[in-house]
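Enquirer: I have a structure here, written as structure tokens, and I will follow up with some questions on it.
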Amino acid sequence: MPAEVLSYFLKNADQRLRLAFQVVLQCAPFLKGLKVSCVISVDAGLYNGLAELFRDTEIAYHRLSCSEGKCLVLFYRPDELERYLHSPVIRGLIWEYGYSDMDLGGMIRRLADRVEDFSKRGMGFPHEIGAFLGYPPDDVKGFIENEGKKYLMIGYWKVYSNLTGARMIFKEYDRAKDCAVNEFITGKSIREIIS
């Protein structure tokens, strides 16, 4: 996509248009049904505009933190994310971080508390956020064990195992982004772009 197009939408005076484009650009694999969730940072002043963007869709969102004029927002399809988080492998991975015997709302509140705490202490993000974002469990574990170093490849996440599989997924995500952005540019709404 030409830089001029990106610049036009990301710097547009119309805040609703700018927010919608940011969501499409940064959440395309999620919007297209390839990811279980996504997280982006939006201007705090635009946060309330998300309600209109996602009205009458199956997508929910939750503010994980807000500081210095930016809000970190988790987007998800509730039923899908809850099923995913309760799968045995993922449940075992997040259990050790205090996500035991919780419904989805409780897990998201716990994640938000931990994101807020890590942010206040200047520690980045809690490691389990990768599990909430649908990153492969072996890569989440690899990130934790290697403290974010010694990865095989970096793309949508840091890859520690199954390099071939990750490359294929990254290509699918890139195609989803191209598709979603092109649909947006031709006038489709987020509701129409969502798969």
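Enquirer: Need pairs with beta-carbon distance below 6 Å; first residue closer than 17 Å to residue 98 by Cα and free of Cβ contacts under 8 Å to residues at least 40 places away in the same chain and within the stretch 124-135, second open to solvent by 10 Å² or more (accessible area, probe 1.4 Å) and of a type in the set (Ser, Thr, Tyr); sequence gap 6+ or separate chains.
Expert: 128/97
Enquirer: Go through the residues of the stretch 79-87 one by one and say whether even a single one is of a type in the set (Ser, Thr, Tyr), modelled with pLDDT of 95 or more, open to solvent by 50 Å² or more (accessible area, probe 1.4 Å) and under 22 Å from residue 22 (Cα atoms).
Expert: Within the stretch 79-87, not a single residue is of a type in the set (Ser, Thr, Tyr), modelled with pLDDT of 95 or more, open to solvent by 50 Å² or more (accessible area, probe 1.4 Å) and under 22 Å from residue 22 (Cα atoms).
Enquirer: Does the stretch 150-167 include one or more residues that are touching a strand residue (DSSP E or B) at 6+ places or on another chain (Cβ under 9 Å) and within 30 Å of residue 49 (Cβ to Cβ)?
Expert: For the stretch 150-167, residues touching a strand residue (DSSP E or B) at 6+ places or on another chain (Cβ under 9 Å) and within 30 Å of residue 49 (Cβ to Cβ): absent.
Enquirer: Now a separate question. Among the candidates 183, 128, 192, single out the residue that is of a type outside the set (Ser, Thr, Tyr) and surrounded by fewer than 14 Cβ atoms within 10 Å (Cβ to Cβ).
Expert: 192
The values are calculated or read from the model by the stated rules, or taken from the named source; none is laboratory data. No experiment lies behind these values; they were computed from the predicted model shown. Neighbour counts run over all protein chains shown; Cβ positions are idealised from the backbone, glycine included. Please note that ligands, DNA and RNA were not included when accessible areas were found on the heavy atoms of the full protein model with its side chains. Shrake-Rupley method; radii C 1.70, N 1.55, O 1.52, S 1.80 Å.
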